[in-house]
Amino acid sequence: MVTLDASEPLSADLIDAVGTSLTDFLDAAVGRLAGVGAELDELRELAHAFTAGGKRLRPAFCCWGYLAAAGGTEVPEAVLQVAASLDLLHVSALVHDDVLDGSQTRRGLPAAHVQLAARHAAGGWRGDSDGFGRSGAILLGDLLLAWSVELADTSGAERLAQAQPLLAAVRAEVAAGQYLDVTAQSRTLADVLAAPASVDEQIRRVVEFKTARYTVIRPLQIGAALGGGSAELLELLGRFGSPLGRAFQFRDDVLGVFGDAEVTGKPAGDDLREGKLTVLVANAMARAPRDQAERLAGLLGRPLSPEEVDQARAIIVDSGALAAAEAEIADAARVASAVLDERIAAPARTALARLVVLATQREA
């Protein structure tokens, strides 16, 4: 049992409790695979490394969703385990995401595929080191996904059956959203200039399914189902979570271009180097003069000097896209906050209002 504080919804107690739950589970899960061989030690080390940090937003939304239905401030251990399983799902998606994007770092560490490639090269093993790294990371992500299912299924939560359809939905939606993202990233500058509304709509669908549902909506609804929440409450939490999830992603997009590397744990302008076609970048291309739009497009998806990062940032600012993103974040936060009412138990209602601020006014 962990007791939460509505004034500090991402408290150290909650973060520590989720971390302990994950550590204990991973130790046991890896132990069950001991007979496979010592080679799995590499995956065990990576699993522990990448689940050791993070904001724990998804477990927090799950726990506060539970309290939105059940009332009070106490979360049973079984519910905490289901909440922690969402962080395993999240890290699984991050490991796969880094392979898809070619990201070099994650949470201040070399990405999983980078670490595995380095081990292959250092060992002088046969074959392509980068290919080994990508293959190993994909399998690590698969293993984390399987473990996230196991952690939820073995939690012993009283109303787990009511939450299972939502757990199944979030697992499918994040994969579907990831594929939407892959297809959206294939859109060209010509697409953006010729049909900006179509490109914007596609990227926003990515945001809804890849971020809003799996970061906010489903964790809240899973927690509420575990707390015996009504269909009306789950629908209300969905209306709260959709704008908040969008705002969370738009803040991520801003930080991916303008964030402080020492705070975010990723190089400055990393989204530009990865060539991410976000709402922010697509909006800048659509708004900027043609020569500036072409310059920005030419800067995406390749190594950039600090001067080139500054050039891209200037184009985004001068186009008005950054100001538009900030306005949309603030508006979505207001919409989400307005949904909260007395149908949500008071401590949880206070916590969710605070989480709106924490999710949208952050620096990492």
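For the reader, a short list of remarks on this structure follows.
- Residue order for 181, 16, fewest other beta carbons within 10 angstrom first, comes to 16, 181.
- Total formal charge among the other residues, if their Cβ is under 11 angstrom from that of residue 151, Lys/Arg +1 and Asp/Glu -1: -4
- Straight-distance candidates among the aspartates and glutamates for linking to residue 266, with alpha-carbon spacing under 19 Å and chain neighbours fewer than 8 residues away dropped: 97, 98, 101, 252, 253, 274, 307, 308, 310, 363.
- Taking 15, 316 and counting other C-beta atoms within 10 Å, the order from fewest to most: 15, 316
- Proxy reagent accessibility, fewest Cβ within 10 Å first, across 48, 120: 48, 120
- Top positive-direction residue, dipole computed over the range 2-360 with Cβ charges, set 348, 303, 315: 315
- When the square roots of the Cα gyration tensor eigenvalues are ordered a ≥ b ≥ c, the ratio a/c for the range 133-207 is 1.5 or more and a/b does not exceed b/c, which makes its shape oblate.
- Rounded, prolate or oblate (a/c below 1.5 giving rounded, otherwise prolate when a/b exceeds b/c) for the chain by Cα gyration tensor: oblate
- Placing R0 at 51 angstrom, the Cβ-Cβ distance between residue 197 and residue 27 gives a FRET efficiency of 0.50 after rounding to 0.05.
- In the range 258-298, the inverse of the mean reciprocal separation of distinct Cα atoms equals 11.1 Å; this is its Kirkwood hydrodynamic radius.
- Distance (nanometres) between label positions extended 7 Å along Cα→Cβ at residue 126 and residue 239: 6.3
- Dipole in debye (nearest 20) - the chain, about Cα centre, beta carbon charges: Lys, Arg +1; Asp, Glu -1: 500
No value in this document is a laboratory result; all are computed from the given coordinates. Source: prediction; values computed, not measured. With ideal geometry, Cβ positions are generated from the backbone for all residues, glycine too; neighbour counts draw on all protein chains shown.
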